[in-house]
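See structure below.
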Amino acid sequence: MVMSVQWILVCHGLVTLLVVVSFLCGQWPIFRGTFIERIHYFLTFGAYDYFRRIVGVICGSRGTDALLSVEYYCCDRPNPILQIIYLAIIGATYYFIVKSVFSYIPGYYLSEVHRLTCLLAVGVGILLFLLTSYSDPGTVNAENVSQYLSAYPYDNAIYLEKECSTCKTLKPARSKHCSICDRCVARFDHHCGWMNNCIGERNTRYFMAFLLWHFLLCIYGTVAIALVLAGRVKELKVVYILTVYYGIENSFRSLAPHVVQWLLGSYNTQILLMVFLAIVSLLLAGFFGYHANLCLTNTTTNETFKWEEYLSWKRKVHEAKVSAAALKASISGLSSERQRPESKWRAFFRRSRLEDVEVVKDNIYDKGYLYNLHEIFFPLSTRPSFSQAKSKSG
């Protein structure tokens with residue numbers, strides 16, 4: 001009976017974790033096309049749509065208008081909701097670690113110093129969070145637009161010379177007007193709700209440091225809790241008791257189920273924390289890897305969608321030209337009376353001309369790994385040459 005209750009608690013914790021991860025991270029590129037994305041869609045759109053209909057039936061138009069006002073504030077305007085959620089998550093996680101793990105430190109494998117390093121690691125994570133949230137992402141204004149126009153030339157593919165309809169100034173290449181922040185951002189990547197800020201030319205380095213540090217922080221927490229549990233097994237001589245008093249064979253295969261059962265019964269809170277940190281570390285690893293690849297190729301999240309649209313359009317244009325040429329050739333072939341008809345087998349196995357259509361992505365901003373990383377760590381607008389260009393234009 002006790003064992004069944006323990007497994008019910010574990011299953012409940014895993015389901016809760018799945019819901020939280022799906023809600024918070026389901027829109028990440030690594031989950032595209034997975035069941036986590038579908039759960040995220042239901043939690044953020046499907047369930048809300050049903051709720052809105054119920055509110056409309058019960059409260060009428062006033063209730064619907066009030067709900068839409070709340071939606072506008074939460075989704076279309078800058079707000080600190082996700083920032084508060086982040087602080088609540090990291091604060092609650094640290095609190096439960098202090099309450100349930102610190103009492104076993106120092107232990108068999110961990111020394112007293114890990115109490116301090118844990119606090120410092122969390123403090124550095126919050127510092128990076130604040131730095132990313134409140135740093136200038138690279139706002140384009142009338143004073144620096146000419147410098148950004150020189151720094152990022154138009155590629156005449158996904159970026160053409162045009163005016164921002166809101167700011168009424170020329171839009172530098174790689175920039176975008178954020179509808180939430182209501183400003184143009186140079187080298188715009190995306191608007192991050194967690195930071196309540198845009199990620200752009202000047203703060204991508206802080207954002208990447210935030211992701212990397214929190215990944216390492218979760219790995220550190222996972223390993224530290226695992227070492228605490230391993231230390232408790234060692235200190236309480238669990239293996240010795242199982243083999244000597246219960247006659248269990250001294251092998252990993254025989255002992256593992258019993259040791260896990262004992263840990264679940266005695267340290268279920270610590271195990272749930274360890275599983276939570278391990279899963280979040282995997283999520284952060286995927287998200288960091290995705291953005292690291294963008295940095296290495298000097299591409300932004302915004303540009304990945306632009307390139308997909310551009311390449312799709314160019315592919316359709318090429319296919320239309322090839323189809324027109326093939327149609328013209330077939331018509332001219334029909335008009336030629338002396339032409340020998342093509343074998344049906346040869347026509348069946350002949351490669352389609354549409355398969356020869358190839359559209360190549362030509363990213364003029366990709367100048368090699370070292371240069372691309374240098375541009376992330378030392379943004380163009382922070383270099384002396386940027387200020388000198390400003391003084392010359394002035």
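FYI, it's all coordinate maths here, none of it is from the lab. From a predicted model like this one, the values you see are computed outputs, not experimental measurements. Please note: Cβ atoms are built from the backbone with ideal geometry, for glycine as well, and neighbour counts cover all protein chains shown.
Taking 0.36 nm per residue of separation and subtracting the current Cα-Cα distance, fully stretching the chain between I364 and E71 would add 101.5 nm. Looking at the square roots a ≥ b ≥ c of the eigenvalues of the Cα gyration tensor of region 58-213, which shape do they give, rounded for a/c under 1.5, prolate if a/b is larger than b/c, or oblate? In terms of gyration-tensor shape, oblate. With a Förster radius of 51 Å applied to the beta-carbon distance between R115 and H177, the computed FRET efficiency rounds to 0.60. The alpha carbons of the chain give a radius of gyration and a Dmax of 29.0, 98 Å, in that order. Here the chain is treated with +1 on each Lys and Arg Cβ and -1 on each Asp and Glu Cβ, and its dipole about the Cα centre works out to around 780 debye. By the rule of a C-alpha distance below 13 Å, with chain neighbours fewer than 8 residues away ignored, the aspartates and glutamates paired with K168 are D182. Could you work out how far helix 204-235 tilts from the main Cα principal axis of the chain, as a 0 to 90 degree angle to the nearest 10? Computed tilt is about 30 degrees.
Between the Cα long axis of helix 268-296 and the first principal axis of the chain there is an angle of about 20°, rounded to the nearest 10. Calculated mean residue ellipticity, 222 nm, the chain: -22000 deg cm²/dmol, from DSSP H runs (n ≥ 4) at -39500 (n - 2.57) each, averaged per residue and rounded to 500.
As a calculated quantity, the FRET efficiency between F377 and K237 at R0 = 51 Å, using C-beta atoms, amounts to about 0.50. Helix 384-393 and the long axis of the chain differ in direction by around 40°, with both axes built from C-alpha atoms. Based on the Cβ-Cβ distance from S103 to T34, what FRET efficiency comes out when R0 is 41 Å, to the nearest 0.05? Approximately 0.60, to the nearest 0.05. The length gained by stretching the chain between Y41 and I90 to full extension, at 0.36 nm per residue less their Cα-Cα distance, is 15.2 nm. Ranking A230, I219, C181 by Cα position along the charge dipole of region 180-239, where only Lys, Arg, Asp and Glu carry charges on their C-beta atoms, puts A230 farthest toward the positive end.
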